[in-house]
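Participant: My questions will all concern the structure given below.
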Amino acid sequence: MEKKKNKVLLIGWDAADWKIMDKLMANGLMPAMKSLVDNGVRGKLATLDPPLSPMLWTSMSTGVRPYRHGVIGFVEHDGKGGVRSVSSHYRKVKAFWNMLTMEGYKSNVIAWWPSNPVESINGCMVSNLFQQEKKGRETMERENWEIPEGTIYPESLKEQLMELRVHPHDITGNLVMPFVPQAVALDKKKDKRLTVISKFIAHATTVHAACTELMETQEWDLTAVYHDAIDHFSHGFMKFHPPMMPNRDKEEYELFKDVVIGAYVFHDMMLDRLLKMIDDDTTVIIVSDHGFHSDHLRPAHIPKVPSGPAIEHAPYGIFVAKGPGIKKGERIHGASVLDVTPTLLTLFDLPVGRDMDGKPLVNIFDHPKSVRYIDSWEKVDKPGGELVSVSEESLEATNEAALQQLVDLGYIDEMKLDDSNEDQQEYLTGIIKENQFYLAKSYISGGKHEDALEILLEIEDKTNPDFRFLIDIINSSIKTKRYGLAKEYLHFVRKNDIMSKAYMDTLEAKIALGLNDGETALRMLQSALKSNPDAIEILIELGRLFNSIRELKKARECFSKVIEKDPDNAHAYHGVGVSYLREESYENALDYFLNAVERMHHYPLAHFHIGETLALMNEHEAAISSFEVALTMNPDLPKIYRWLIDLHELINNTKAVEFYRDKLKTKIIDEKVIITGLPGPKLTSVIELLRSRGFIVEGDPDKINEIDSPLNNDILAGFKQRICYLPENLIQNLLSKYDYRIVIVNDDVETVSDYLNSKTKLRKSSYNPDLIDGLVKMDITARIWLGQQPNLDIFYINELEDDKNELLISFVKD
Amino acid sequence: MSEIIVVTGLPRSGTSLMMQIFDRSGTPILSDGIRERDDNNPEGYYELEAVKGIVKDNSFLKDAEGKVVKIVAPLPIFLDTKYKYKVVFMRREMDEVLRSQEKMLVKDQTSEREKFRTIYEFHLKKTYKYFVDNNIPFIDIMYSDLIKDPETEINKLIEFCGLGSSVEDLSVVVKPELYRNRK
């Protein structure tokens, strides 16, 4: 019997967002989408920064980040001293249509952005300029509507597909009515917005027509179609979407409030048609590159900078998959735009490139799916399709039209193509600089701050300062521990008053944290919050600091405010979880940590904390699973290995204990266990307990004068033992040449003050405000520093209780 | 095909001093004398104007075989790998480099010192990476070591480049009074 072919239909809807779709599905307005969601899996697709569509859709089609695929920004250098609309020319790596061609699969690729000029793949390609009715700056009429070269492969399909195009002039009033029910009330001559809507509808219809035609008339294994209309409709009309935004004109709101809904419904109707054209053996995947704010997170103003409208984009797009072997009615977590190509390859049983930044979404499958890997598709020596050649003349006219489209959408500034050479040169320099900035952002998004900084320092110009560049320079300087550089730029920013005071204070707080100046950090964040009480970033930073100094209620207040404003903020949920964990309120902690990873799956610290919480709840097996997840995300954290060793010991899995011990040996060189905390009765009793159990603890908290001893370069140089007591005020001088496990004994300042007074032969009850102030300051500084060190393995202990004692022993032992 | 000796390093790291040493050794120098000697480099710069355009045109390298050419970091990353090279990498304490540059430019750049420090760090890193990636042999000569103990450093140089001169003869070039911008 002939094996049925498993086809894949991949649909891209730029900017599609669950918030709107969920409401429309609930109201029965998107039945096709609902049928997919009910019978398949759904999830959020994390976008990349910067959330600019050509970069994202190329990451989607290649599985790598923009700094590797080379498609940067909306426009690019044409190699002849000019600019052109972003194209296929600069893509440095293979796209999925090339990989499928290499393996003999046939693809239809329609309107993918960017895909002009098309490539000679096994199958058919229609570029993203197919629907364009402009030639240069002129609009071509229906009867002489040419098609630019490089738009269709194979060329033989040109006549067949050209006929299917829908011209914006074909979109009559009645067709616009579902989007603007009161269209008749508008003066079309004065208000061009109906023309814009007609154009969006025409373009989407044209793309849809080409897609259905190719699906019907061509043999195919994969059909991939991309629609930009939801993004365009949203940029134009989301500001009128209900509920009415403050300070909007009521009349305009009434006129245009249905446009975005109309756009989604229209796409659902197109989807319905596509679904009717496929059989049950075809897998359908729908993706969007980013979301779009549709609620209170809609920005009141669009910044007047290039790509300013991208501020309206939300960080998560959509992912839906339905087909044979795919789970039904379930949600998946942790998907990213980088995962689309690896997942497609897995669906075709083709190997995933180890050099890809994304991963196959194996959690969409009913049964475990084996994934094959190769080092790189770039090394596969098979023909995958070449760019078709295009004449200079056609290229020029096409580019000008495409550039004008980008100007119309607000993504790039008005061109000065008719102006003097000098102006053109300036425009070109600006474009190149802007693209370099996007490249730097892409490096930052991939955690490559050094590379970003190198670019940013080259493009930054203090005579014409751009706040976006300056912010990233300061942040990347902090990330690469170049605090001097960060301070130098912050000084410049403050002197020239380039950013809001709140933002500058936040940056100063971050620098202070890096320099172990917890007090300044706290002061700066509190000051920043005063001038901007709603700023999410400040609240998160402040919440984390409060958690570090065990002001747990204050921490929760900060994070709760964030959740109120942004219910999808994973960091806020994680922060609340940490506060509950510190209070030993494990069930609450677990609840919040789970909420955090549901919102951002790739969050190793949250998975680590889930593991820690479950371990403390004696859920050993579940804790092991969580630590294993954390380990796959961050294999360099020694503390994860230690937990896994301890837990496997508890369940007598000696093989696993040995395995993780061996792994841990490769991660650490020398290790010290530090006992610290305020020098009160609890600290003394913890040290006594350890000594009574046979551990040698070097150092003595009763020698309180040591607290004020001058700092050594290597504070542990004189210590011979593995376990040492170190006063809190010296903690921040620990050198990175050792690995540390830290036991922090929590005690309250007043008890410690009394204890110290009694030790110094003062009356126990004598109140010593200077001592208390000193202790508070010391405790805050130490805890803030500890809170900032990702590699420290910290064990907090409040009371000496039997079960806690055993955990402590297990924590400190070799 | 005889190799090209490249003297590199950040501007004001002692690259001109190293060129003088090579000049003294009798190794042919590829320079054009366009940049004239001044108070900052009383013995001259030994530079080639064409090096400035290396990003777009490195064809001058065909005249550099068997000679020494000064190419400041990070410009060596635009070398043509079809030629063979040996590289002398001049290094100097970054603070001294920055102060020396400021003095030369008669410009107070203290408010941008960290920026330039970082940019130069990147330039050095990029240049070293290029040499390593392309298997180009290089030696580091610390400017301060060269001034303090010329014999030892010049000995290293003679050995690395296979120079025919004696250590004593070449050490004459190094005049401690040139080491003037140190604090």
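All of the numbers you see were taken from the coordinates with simple rules; none came from a lab. Keep in mind the model is a prediction, meaning the values are calculated, not measured. Backbone-built Cβ (ideal geometry, glycine too); neighbour counts: all protein chains shown.
Participant: In percent, how large is the relative contact order of chain B, given Cα pairs closer than 8 Å and 6 or more residues apart?
Facilitator: Result for chain B is 28 percent.
Participant: Give me the log10 of I(q) over I(0) for the stretch A:8-402 at q = 0.07, 0.12, 0.13 Å⁻¹, as the Debye formula computes it from C-alpha points; what are the numbers?
Facilitator: For the stretch A:8-402 at q = 0.07, 0.12, 0.13 Å⁻¹, log10 I(q)/I(0) is -0.30, -0.94, -1.12.
Participant: Under a straight-distance cross-link criterion of Cα-Cα below 24 Å, which lysines are reachable from A:Lys382, leaving out those fewer than 8 residues away in the same chain?
Facilitator: Answer for A:Lys382, where 24 Å is the Cα cut-off: A:Lys5, A:Lys7, A:Lys92, A:Lys94, A:Lys106, A:Lys359, listed by chain and number.
Participant: Next question, about the same structure. Determine the alpha carbon to alpha carbon distance for each of A:Lys501/B:Lys115; A:Lys479/A:Lys510; B:Lys125/B:Lys156; A:Lys462/A:Lys495; A:Lys530/A:Lys554; A:Lys481/A:Lys672 and list only those over 19 Å.
Facilitator: Values: A:Lys501/B:Lys115 23 Å; A:Lys479/A:Lys510 10 Å; B:Lys125/B:Lys156 23 Å; A:Lys462/A:Lys495 12 Å; A:Lys530/A:Lys554 15 Å; A:Lys481/A:Lys672 24 Å.
Exceeds cut-off: A:Lys501/B:Lys115; B:Lys125/B:Lys156; A:Lys481/A:Lys672.
Participant: With point charges of +1 on the Cβ of Lys and Arg and -1 on the Cβ of Asp and Glu, referenced to the Cα centre of the protein assembly as shown, which listed residue (A:Met617, A:Met499, B:Tyr45) lies farthest in the positive direction of the dipole?
Facilitator: Most positive-ward Cα: A:Met617.
Participant: Still on this structure, please answer the following. Hey, got the average number of other protein chain Cβ atoms within 10 angstrom for residues in A:487-500? Don't skip to the answer; put the middle values down first.
Facilitator: Numbers: counts 1, 8, 3, 0, 2, 3, 0, 0, 1, 0, 0, 0, 0, 0.
Counting other chains' Cβ atoms within 10 Å and averaging over A:487-500 gives 1.
Participant: How much net charge surrounds A:Thr684 when only the other residues with a Cβ under 11 Å from the Cβ of A:Thr684 are counted, with Lys and Arg +1 and Asp and Glu -1?
Facilitator: Details: positive: A:Lys682, A:Arg691, A:Lys759; negative: A:Glu688, A:Asp700, A:Asp702, A:Asp747.
Summing Lys and Arg as +1 and Asp and Glu as -1 gives -1.
Participant: Please report the spacing between the Cα centers of the stretch B:59-80 and the stretch B:130-157 in Å, no decimals.
Facilitator: The stretch B:59-80 and the stretch B:130-157 have Cα centres spaced 17 Å from each other.
Participant: Starting from the Cα gyration tensor of the stretch B:9-158, take the square roots of the eigenvalues, sort them a ≥ b ≥ c, and report rounded, prolate or oblate (rounded when a/c is under 1.5, otherwise prolate if a/b is larger than b/c, else oblate).
Facilitator: Cα axes put the stretch B:9-158 in the rounded bin.
Participant: Taking every DSSP beta bridge with both residues inside chain A, roughly what % is antiparallel (nearest 5)? Intermediate values should be presented prior to the final figure.
Facilitator: Values: 21 of 64 bridges.
Roughly 35 percent of the beta bridges in chain A run antiparallel, per DSSP.
Participant: Using θ = phi - 60° and the Karplus curve 6.51 cos²θ - 1.76 cosθ + 1.60, what whole-Hz ³J(HN,Hα) does each residue of the stretch B:17-30 get, with Gly and Pro shown as x?
Facilitator: Values, residue by residue: 4, 5, 4, 5, 4, 5, 4, 4, 6, x, 6, x, 10, 9 Hz.
Participant: Ok, one more. Classify the protein assembly as shown from the C-alpha gyration tensor, please: rounded if a/c falls under 1.5, else prolate or oblate depending on whether a/b exceeds b/c. Don't skip to the answer; put the middle values down first.
Facilitator: On the way: a/c = 1.80, a/b = 1.16, b/c = 1.55.
The shape class here is oblate.
Participant: Ok, one more. Take every Cα pair under 8 Å in the stretch A:8-402 that's 6+ residues apart, average their separations, divide by the length, and report that relative contact order as a whole percent. Before the final figure, lay out the partial values.
Facilitator: Values: 788 pairs, mean separation 124.9, N = 395.
Answer for the stretch A:8-402 is 32 percent.
Participant: Let me ask you something else. Which of the lysines could a cross-linker span from A:Lys188 if the Cα-Cα distance has to be under 24 Å and same-chain partners fewer than 8 positions apart are dropped?
Facilitator: The reachable lysines, counting only those whose Cα sits under 24 Å from A:Lys188, are A:Lys134, A:Lys135, A:Lys199, A:Lys239, A:Lys250, A:Lys257.
Participant: Work out from phi, with θ = phi - 60° and the Karplus expression 6.51 cos²θ - 1.76 cosθ + 1.60, the ³J(HN,Hα) of each residue of the stretch A:291-301, listed in order in whole Hz, and give x for Gly and Pro.
Facilitator: Using θ = phi - 60°, the values come out as x, 8, 4, 10, 10, 5, 7, 4, x, 6, 9 Hz.
Participant: Identify all aspartates and glutamates with a Cα-Cα distance to A:Lys379 below 17 Å; exclude those on the same chain that are fewer than 8 residues away in sequence.
Facilitator: A:Glu103, A:Asp355, A:Asp357
Participant: Sort A:His609, A:His574 so the one with the fewest other Cβ atoms within 10 Å of its own Cβ comes first.
Facilitator: Arranged by neighbour count, lowest to highest, A:His609, A:His574 become A:His609, A:His574.
Participant: Next up: Neighbouring Cβ atoms within 10 Å as the yardstick, rank A:Ser156, A:Ser35, A:Ser753 fewest first. Walk me through the numbers before you get to the answer.
Facilitator: Values: A:Ser156 9, A:Ser35 15, A:Ser753 24.
With the fewest neighbours first, A:Ser156, A:Ser35, A:Ser753 line up as A:Ser156, A:Ser35, A:Ser753.
Participant: Taking the Cα centre of the protein assembly as shown as origin and charging only Cβ (+1 Lys, Arg; -1 Asp, Glu), how large is the dipole, in debye to the nearest 20?
Facilitator: On the way: 125 positive and 156 negative charges, 253 e Å.
My answer is approximately 1220 debye.
Participant: Using 0.36 nm per residue of separation minus the Cα-Cα distance, give me the extension gain between A:Thr217 and A:Gln526 in nm, one decimal. Walk me through the numbers before you get to the answer.
Facilitator: Numbers: separation 309, 0.36 × 309 = 111.24 nm, distance 6.49 nm.
Net length gain for the segment: 104.7 nm.
Participant: Only counting other Cβ atoms within 10 Å, I'd like A:Arg165, B:Arg12, A:Arg661 sorted with the fewest neighbours first.
Facilitator: Numbers: A:Arg165 21, B:Arg12 24, A:Arg661 14.
Lowest count first: A:Arg661, A:Arg165, B:Arg12.
Participant: Here's something else I'd like to know. What percent do you get for the relative contact order of chain A when only Cα pairs under 8 Å and 6+ apart count?
Facilitator: 13
Participant: Let me ask something else about it. If each DSSP helix of 4+ residues adds -39,500 (n - 2.57) and the sum is divided by the residues in the protein assembly as shown, what number results at 222 nm, nearest 500 deg cm²/dmol? Working shown, then result.
Facilitator: Numbers: 37 runs with 450 residues, N = 997.
For the protein assembly as shown, the value works out to -14000 deg cm²/dmol.
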